[in-house]
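A short worksheet on the structure shown next.
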Amino acid sequence: GGDKDIGILVAKIIMGFSLSLGLAGSAIGLGIAFSALLGGGEENFFKNIAVALMPSTQGIYSIVVLFANMGGFEVDPYAVAGKSAAFGFTMLFSGWYQGVVCAAGIRSIVEGRNTLANAMVSGAMPETYAVFALVLTFIMK
């Protein structure tokens, strides 16, 4: 009926918005981190690229959540909408600020004040909340 069709439409809109937020979080974070990577010069580029790539995971997680819930729109659109709503902003902000932390880590390595390991550990801290959000989308009913 009509109510179910509206529920499906709303769930798809929220999922699309959340997917966009996750992809945007990765894009912003990567832009910030790669700016720092380029600022470190050619000799440091490949030594520190792993740190700069860390914010890419939020976009990947967002795509995983989309595919994992594709079958749920018809079955329980409200659950899909709830999962999506809880997920999107976490991906945006964790990806964005992970880029900030990774940029600081890259700069500290280039300046000789820190190590790659410390930069990776620090960059992983915002990632934990992206992982929490990802896991919760599979737990939420």
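For the reader, a short list of remarks on this structure follows.
This table checks each residue for (1) over 22 Å from A130 (Cα atoms); (2) at pLDDT below 95.
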site: K4; (1), (2): yes, yes
site: G16; (1), (2): no, no
site: A36; (1), (2): yes, no
site: M54; (1), (2): no, no
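- Helices (runs of 4 or more DSSP H) completely within the range 6-113 that count 2 or more residues being of a type in the set (G, A, S), in contact with a helix residue (DSSP H, G or I) (Cβ under 7 Å, 6 or more places away or on another chain) and crowded, with 17+ Cβ neighbours inside 10 Å: 57-69, 77-110
- Unique match (being more than 30 Å from K4 (Cα to Cα) and in contact (Cβ under 8 Å) with a residue 12 or more places away in the chain) among S62, S122: S122
- Hey, E127 modelled with pLDDT of 95 or more, exposed (fewer than 15 other Cβ atoms within 10 Å of the Cβ), on the phi < 0 side of the Ramachandran plot and acidic (D, E) or not: no
The values are calculated or read from the model by the stated rules, or taken from the named source; none is laboratory data. Fair warning: this is a prediction, and the values are worked out from it, not measured in the lab. Ideal geometry is used to build each Cβ from the backbone, glycine not excepted, and the neighbour counts take in all protein chains shown.
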